[in-house]
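The values are calculated or read from the model by the stated rules, or taken from the named source; none is laboratory data. All values reported here derive from a predicted model rather than from experimental measurement. Don't worry about glycine lacking a Cβ; one is built from the backbone with ideal geometry, like all the others, and counts go over all protein chains shown.
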Amino acid sequence: MVPTGFQLGILCFQRVFNLAGYGSTATIFAVRSKKRKKQHTEATKVLQIDKILASQNLDQPQGNEEDNNENNPVSAPAEPNLDTDIDAQIDYKEKFLALKIKYRELRRKHKTLVRSVAETNEVELYPSSGVTLSAAELASIKLMSNQPTVRARNLFRRLFTLDELRTHSLLGKRCNANRNAIPLPAIDPNHCNAVIGYILKEEGVDGLPANDLSSADAKLFLKKKRTLKREITKSLSDFLLEETRKPFV
């Protein structure tokens, strides 16, 4: 079969490439594919560069805009002043420290005022006794005690510690029921007399009867005072005896 002109051309083309060292037809197509990839990569880079240049051209003013800008210059944004910012930060720190010192001083003054108010609220339980108690606490004891003897016991609980109540008696005398027992020392007589005097004063039988009272009323006054004082003394003595018999925890 006689080859056609097209086939002769292909054979000649292959012969030339084989002589040039390119190898078979597969090698030819591989070389062409590699060249196409390289061209595609270069074209892609060119497109990217064009896009970047186009974006820069959009950001920059064009033609007449440049002339207008020359005639009407637009002020550029002010650059931040680092020195001013640093000074502002230092100023804020100084203000914060000053306020912190002022807060501490006010807090100290507040504590002093609270302490002074608490001291002024201390009332003397009985005149010239020197025994003081908080006015609020005294009012609370008075409110919670429905009887004079109960009030006296509650005042003892407040004025003396638990150890003092357990290791003392009211008058330091020997017990009639057990004369062989060693008597306990008497509790503080100043506090004891202040409590008894306060109860008598609250009940209106403190001191001497008024001068305008009749003889009969004066006798009733003194009798009521003696009776109440005896009841308070007995109640406090029993109270201390009960405390001494309680087991130590």
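Answer with yes or no whether Pro127 is farther than 20 Å from Arg230 by Cα, of a type outside the set (Ser, Thr, Tyr) and modelled with pLDDT of 90 or more.
Answer is yes for this residue.
Scan Gly204, Gly172 and give me the residue that is at pLDDT 90 or above and at positive phi.
On inspection, the qualifying residue turns out to be Gly204.
Does segment 84-106 include one or more residues that are at pLDDT 90 or above, in contact with a strand residue (DSSP E or B) (Cβ under 6 Å, 6 or more places away or on another chain) and either closer than 30 Å to Val205 by Cα or of a type outside the set (Gly, Ala, Ser) (or both)?
no
Which one is farthest from Asn146 (Cα to Cα) among residues in segment 223-249 that are surrounded by 13 or more Cβ atoms within 10 Å (Cβ to Cβ) and aliphatic (A, V, I, L, M)?
Per the criteria, the residue is Leu241.
Could you tell me whether Ala218 is of a type in the set (Gly, Ala, Ser), surrounded by 12 or more Cβ atoms within 10 Å (Cβ to Cβ), over 53 Å from the mean Cα position of the chain (by Cα) and not in a loop (DSSP other than H, G, I, E, B)? If you could, list the steps in order and put the result at the bottom.
On the way: of a type in the set (Gly, Ala, Ser): yes; surrounded by 12 or more Cβ atoms within 10 Å (Cβ to Cβ): yes; over 53 Å from the mean Cα position of the chain (by Cα): yes; not in a loop (DSSP other than H, G, I, E, B): yes.
Considered against the rule, which asks whether it is of a type in the set (Gly, Ala, Ser), surrounded by 12 or more Cβ atoms within 10 Å (Cβ to Cβ), over 53 Å from the mean Cα position of the chain (by Cα) and not in a loop (DSSP other than H, G, I, E, B), Ala218 comes out as yes.
Going residue by residue through segment 204-222, is there one that turns out to be among the hydroxyl-bearing types (Ser, Thr, Tyr) and free of Cβ contacts under 8 Å to residues at least 40 places away in the same chain?
Yes, segment 204-222 contains at least one residue that is among the hydroxyl-bearing types (Ser, Thr, Tyr) and free of Cβ contacts under 8 Å to residues at least 40 places away in the same chain.
Out of Glu119, Glu137, I need the residue that is under 20 Å from Ile196 (Cβ atoms), modelled with pLDDT under 90, part of a helix (DSSP H, G or I) and of a type outside the set (Lys, Arg). Which one?
Just a single option satisfies the conditions, and that option is Glu137.
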